[in-house]
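Take a look at the structure below.
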Amino acid sequence: MKLRENDITKLHHHINAKLIPYIEVRDEVLDHYQTALEHEDEKTMEEVLKDLDQTFTIGYCKEIAKNYIHELRSEYPSLLKNKIFQMFSLKRIPFTFLILIAGISIPQLFPQPGKLVHLLNAFFLSLMSFESFMIQFSYPKRPIKHQYRKHIDDKPTFARIQSRSLKGWGIFPALTYILLLFPLLVFYLGDFTGSEIGFLFTPPYIYGICILTALMILFQIASFEVSRDRIKPIIR
(Lines give C-alpha, C1' and ligand atoms only; values in the text may rest on other atoms or scores of the structure.)
Protein backbone atom coordinates (compact mmCIF):
# COMPACT_ATOMS: atom_id res chain seq x y z
CA MET A 1 0.00 0.00 0.00
CA LYS A 2 1.07 3.57 -0.54
CA LEU A 3 1.41 5.45 2.74
CA ARG A 4 0.04 8.95 2.84
CA GLU A 5 1.36 11.64 5.15
CA ASN A 6 -1.37 11.10 7.73
CA ASP A 7 -0.71 7.33 7.60
CA ILE A 8 2.98 7.91 8.36
CA THR A 9 2.09 10.25 11.23
CA LYS A 10 -0.28 7.61 12.60
CA LEU A 11 2.49 4.99 12.28
CA HIS A 12 4.92 7.20 14.21
CA HIS A 13 2.41 7.67 17.02
CA HIS A 14 1.77 3.92 17.05
CA ILE A 15 5.49 3.19 17.48
CA ASN A 16 5.88 5.91 20.11
CA ALA A 17 3.25 4.15 22.23
CA LYS A 18 5.65 1.20 22.63
CA LEU A 19 7.87 3.37 24.88
CA ILE A 20 11.12 2.37 23.15
CA PRO A 21 13.90 4.21 25.04
CA TYR A 22 16.52 4.45 22.26
CA ILE A 23 16.26 6.20 18.91
CA GLU A 24 18.21 3.50 17.06
CA VAL A 25 15.84 0.74 18.23
CA ARG A 26 12.78 2.87 17.57
CA ASP A 27 13.90 3.57 14.01
CA GLU A 28 14.55 -0.11 13.30
CA VAL A 29 11.09 -1.07 14.56
CA LEU A 30 9.57 1.80 12.60
CA ASP A 31 11.34 0.68 9.41
CA HIS A 32 10.12 -2.87 9.96
CA TYR A 33 6.53 -1.67 10.28
CA GLN A 34 6.77 0.72 7.34
CA THR A 35 8.31 -1.92 5.06
CA ALA A 36 5.59 -4.41 5.97
CA LEU A 37 2.89 -1.84 5.22
CA GLU A 38 4.40 -0.82 1.90
CA HIS A 39 4.56 -4.46 0.74
CA GLU A 40 0.96 -5.22 1.75
CA ASP A 41 -1.78 -4.77 -0.85
CA GLU A 42 -4.63 -6.84 0.58
CA LYS A 43 -4.93 -6.05 4.27
CA THR A 44 -5.82 -2.69 5.74
CA MET A 45 -3.32 -0.66 7.74
CA GLU A 46 -5.11 -1.50 10.99
CA GLU A 47 -4.92 -5.23 10.23
CA VAL A 48 -1.20 -5.08 9.42
CA LEU A 49 -0.48 -3.12 12.61
CA LYS A 50 -2.47 -5.63 14.64
CA ASP A 51 -0.51 -8.56 13.16
CA LEU A 52 2.85 -6.88 13.77
CA ASP A 53 1.89 -5.94 17.33
CA GLN A 54 1.58 -9.63 18.17
CA THR A 55 5.35 -9.87 17.71
CA PHE A 56 6.48 -6.35 18.58
CA THR A 57 4.93 -6.14 22.00
CA ILE A 58 6.07 -3.51 24.49
CA GLY A 59 7.99 -6.23 26.35
CA TYR A 60 9.74 -7.44 23.21
CA CYS A 61 10.73 -3.91 22.21
CA LYS A 62 12.18 -3.32 25.67
CA GLU A 63 14.11 -6.58 25.33
CA ILE A 64 15.57 -5.43 22.01
CA ALA A 65 16.60 -2.12 23.59
CA LYS A 66 18.15 -3.87 26.60
CA ASN A 67 20.14 -6.28 24.44
CA TYR A 68 21.25 -3.44 22.16
CA ILE A 69 22.65 -1.21 24.92
CA HIS A 70 24.34 -4.26 26.50
CA GLU A 71 26.03 -5.16 23.23
CA LEU A 72 27.17 -1.58 22.65
CA ARG A 73 28.72 -1.40 26.12
CA SER A 74 30.42 -4.76 25.68
CA GLU A 75 32.12 -3.81 22.42
CA TYR A 76 32.94 -0.19 23.31
CA PRO A 77 36.35 -0.78 25.03
CA SER A 78 37.80 -2.86 22.18
CA LEU A 79 36.47 -0.48 19.51
CA LEU A 80 37.90 2.50 21.40
CA LYS A 81 41.28 0.75 21.59
CA ASN A 82 41.27 0.15 17.83
CA LYS A 83 40.37 3.77 17.12
CA ILE A 84 43.15 5.04 19.40
CA PHE A 85 45.70 2.86 17.57
CA GLN A 86 44.36 4.18 14.26
CA MET A 87 45.18 7.68 15.48
CA PHE A 88 48.87 6.71 15.29
CA SER A 89 48.69 5.08 11.87
CA LEU A 90 50.76 6.57 9.06
CA LYS A 91 47.65 8.10 7.53
CA ARG A 92 46.54 9.98 10.65
CA ILE A 93 49.73 10.49 12.65
CA PRO A 94 50.37 14.04 11.29
CA PHE A 95 46.96 15.12 12.64
CA THR A 96 47.64 13.38 15.97
CA PHE A 97 51.02 15.06 16.44
CA LEU A 98 49.49 18.41 15.48
CA ILE A 99 47.06 18.05 18.40
CA LEU A 100 49.86 17.04 20.79
CA ILE A 101 52.07 19.94 19.68
CA ALA A 102 49.16 22.36 20.04
CA GLY A 103 48.61 21.09 23.58
CA ILE A 104 52.23 21.69 24.53
CA SER A 105 52.13 25.18 22.97
CA ILE A 106 49.11 26.37 24.97
CA PRO A 107 51.15 27.69 27.97
CA GLN A 108 53.11 29.90 25.59
CA LEU A 109 49.89 31.51 24.36
CA PHE A 110 48.34 31.76 27.83
CA PRO A 111 51.21 32.19 30.32
CA GLN A 112 48.92 33.20 33.18
CA PRO A 113 47.71 30.03 34.98
CA GLY A 114 44.34 31.57 35.87
CA LYS A 115 43.42 32.27 32.26
CA LEU A 116 44.73 28.89 31.17
CA VAL A 117 42.66 26.98 33.75
CA HIS A 118 39.49 28.88 32.83
CA LEU A 119 40.18 28.21 29.16
CA LEU A 120 40.69 24.48 29.70
CA ASN A 121 37.55 24.22 31.83
CA ALA A 122 35.45 25.94 29.15
CA PHE A 123 37.11 23.81 26.49
CA PHE A 124 36.21 20.52 28.26
CA LEU A 125 32.56 21.48 28.57
CA SER A 126 32.39 22.69 24.97
CA LEU A 127 34.14 19.57 23.68
CA MET A 128 31.71 17.20 25.37
CA SER A 129 28.69 19.18 24.21
CA PHE A 130 30.07 19.36 20.67
CA GLU A 131 30.69 15.61 20.59
CA SER A 132 27.10 14.86 21.60
CA PHE A 133 25.86 17.27 18.94
CA MET A 134 28.05 15.66 16.27
CA ILE A 135 26.80 12.17 17.18
CA GLN A 136 23.24 13.35 16.69
CA PHE A 137 24.15 15.25 13.52
CA SER A 138 25.95 12.27 11.98
CA TYR A 139 23.03 9.92 12.62
CA PRO A 140 21.34 9.07 9.28
CA LYS A 141 18.55 11.54 8.64
CA ARG A 142 15.11 10.23 7.81
CA PRO A 143 13.26 11.71 4.81
CA ILE A 144 10.24 12.20 7.07
CA LYS A 145 10.83 13.73 10.49
CA HIS A 146 9.81 11.92 13.63
CA GLN A 147 6.32 12.70 14.81
CA TYR A 148 6.11 13.34 18.57
CA ARG A 149 3.07 14.52 20.46
CA LYS A 150 3.89 17.09 23.10
CA HIS A 151 3.24 15.92 26.68
CA ILE A 152 2.28 12.47 25.36
CA ASP A 153 5.34 10.96 23.67
CA ASP A 154 8.68 10.86 25.44
CA LYS A 155 11.47 11.40 22.94
CA PRO A 156 13.94 8.49 23.04
CA THR A 157 17.66 9.10 23.42
CA PHE A 158 20.68 7.81 21.52
CA ALA A 159 21.92 4.51 22.92
CA ARG A 160 25.33 5.17 21.36
CA ILE A 161 25.76 8.22 23.64
CA GLN A 162 24.80 6.28 26.78
CA SER A 163 26.84 3.16 25.98
CA ARG A 164 30.28 4.36 27.14
CA SER A 165 31.77 1.60 29.26
CA LEU A 166 34.43 2.05 31.96
CA LYS A 167 35.90 -1.38 31.32
CA GLY A 168 39.22 -2.04 29.61
CA TRP A 169 40.27 0.86 27.40
CA GLY A 170 37.08 2.63 28.30
CA ILE A 171 38.68 3.61 31.62
CA PHE A 172 41.37 5.79 29.99
CA PRO A 173 39.12 8.73 28.99
CA ALA A 174 37.63 8.79 32.50
CA LEU A 175 41.07 8.53 34.11
CA THR A 176 42.42 11.34 31.93
CA TYR A 177 39.46 13.52 32.86
CA ILE A 178 40.02 12.86 36.59
CA LEU A 179 43.72 13.77 36.30
CA LEU A 180 42.76 16.98 34.53
CA LEU A 181 40.00 17.76 37.01
CA PHE A 182 42.35 17.61 40.01
CA PRO A 183 44.43 20.74 39.19
CA LEU A 184 41.28 22.56 38.10
CA LEU A 185 39.65 21.85 41.48
CA VAL A 186 42.85 22.96 43.22
CA PHE A 187 42.64 26.25 41.39
CA TYR A 188 38.92 26.82 41.95
CA LEU A 189 38.62 25.57 45.53
CA GLY A 190 42.03 26.35 46.98
CA ASP A 191 44.18 29.44 47.44
CA PHE A 192 46.64 28.59 44.74
CA THR A 193 48.48 31.93 44.73
CA GLY A 194 51.58 31.56 46.84
CA SER A 195 50.59 28.15 48.11
CA GLU A 196 52.71 25.03 48.01
CA ILE A 197 50.43 23.49 45.39
CA GLY A 198 51.21 26.30 42.95
CA PHE A 199 53.89 24.18 41.25
CA LEU A 200 51.09 22.41 39.36
CA PHE A 201 50.63 25.55 37.30
CA THR A 202 54.29 26.18 36.49
CA PRO A 203 56.62 24.40 34.03
CA PRO A 204 57.12 21.53 33.57
CA TYR A 205 53.90 20.41 35.34
CA ILE A 206 51.66 22.78 33.39
CA TYR A 207 52.88 21.03 30.24
CA GLY A 208 51.62 17.75 31.70
CA ILE A 209 48.18 19.30 32.06
CA CYS A 210 48.28 20.46 28.44
CA ILE A 211 49.46 17.07 27.18
CA LEU A 212 46.60 15.42 29.09
CA THR A 213 44.28 17.91 27.41
CA ALA A 214 45.61 16.86 24.01
CA LEU A 215 45.13 13.19 24.93
CA MET A 216 41.59 13.99 26.05
CA ILE A 217 40.92 15.47 22.60
CA LEU A 218 42.22 12.28 20.96
CA PHE A 219 40.04 10.15 23.22
CA GLN A 220 36.99 12.29 22.40
CA ILE A 221 37.65 12.00 18.66
CA ALA A 222 38.09 8.23 18.94
CA SER A 223 34.99 7.91 21.12
CA PHE A 224 32.97 9.94 18.62
CA GLU A 225 34.08 7.74 15.73
CA VAL A 226 33.16 4.62 17.71
CA SER A 227 29.72 6.04 18.51
CA ARG A 228 29.19 7.17 14.93
CA ASP A 229 29.93 3.72 13.50
CA ARG A 230 27.97 1.61 15.98
CA ILE A 231 26.03 -1.42 14.84
CA LYS A 232 22.30 -1.41 14.30
CA PRO A 233 19.90 -3.20 16.67
CA ILE A 234 19.22 -6.83 15.75
CA ILE A 235 15.54 -7.64 15.25
CA ARG A 236 14.64 -11.29 14.90
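The values are calculated or read from the model by the stated rules, or taken from the named source; none is laboratory data. Keep in mind the model is a prediction, meaning the values are calculated, not measured. Heads up, the Cβs are rebuilt from the backbone with ideal geometry, glycines too, and the neighbour counts pull from every protein chain shown.
Per-structure values
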item	result
Selected residue [in the same structural domain as ILE144 (by the TED database), under 30 Å from ILE171 (Cα atoms) and not aromatic (Phe, Trp, Tyr)] from ASN67, ASN82	ASN82
Restricting region 158-172 to residues that are of a type in the set (Phe, Trp, Tyr) and more than 8 Å from the chain's Cα centre (by Cα), the residue that is surrounded by the most Cβ atoms within 10 Å (Cβ to Cβ)	TRP169
Residues of region 156-187 satisfying the condition of being in contact (Cβ under 8 Å) with a residue 60 or more places away in the chain and farther than 27 Å from PHE85 by Cα	PRO156, THR157, PRO183, LEU184, PHE187
Unique residue being among the β-branched types (Val, Ile, Thr) and touching a Pro at 6+ places or on another chain (Cβ under 7 Å) when the list is VAL25, VAL48, VAL29	VAL25
Where a residue in region 130-153 is within 30 Å of ILE217 (Cβ to Cβ) and its partner, wherever it lies, is of a type in the set (D, E, K, R) and in a helix (DSSP H, G or I), with Cβ under 6 Å and at least six apart	SER138/ARG228
Residues of region 62-78 classified as buried (at least 20 other Cβ atoms within 10 Å of the Cβ) and either over 29 Å from GLN34 (Cα atoms) or not aliphatic (A, V, I, L, M) (or both), total	2
Any hit, region 157-167, residues being aliphatic (A, V, I, L, M) and closer than 19 Å to LEU218 by Cα	yes
LEU72, sole failed condition from (1) over 24 Å from ILE144 (Cα atoms); (2) in a loop (DSSP other than H, G, I, E, B)	(2)
Counted residues, region 106-116 - those being at pLDDT below 70 and surrounded by 19 or more Cβ atoms within 10 Å (Cβ to Cβ)	1
Residues of region 39-60 satisfying the condition of being surrounded by 15 or more Cβ atoms within 10 Å (Cβ to Cβ) and of a type in the set (Ser, Thr, Tyr)	TYR60
Residues satisfying the stated conditions in region 29-65, i.e. of a type in the set (Gly, Ala, Ser) and within 14 Å of ASP7 (Cβ to Cβ)	ALA36
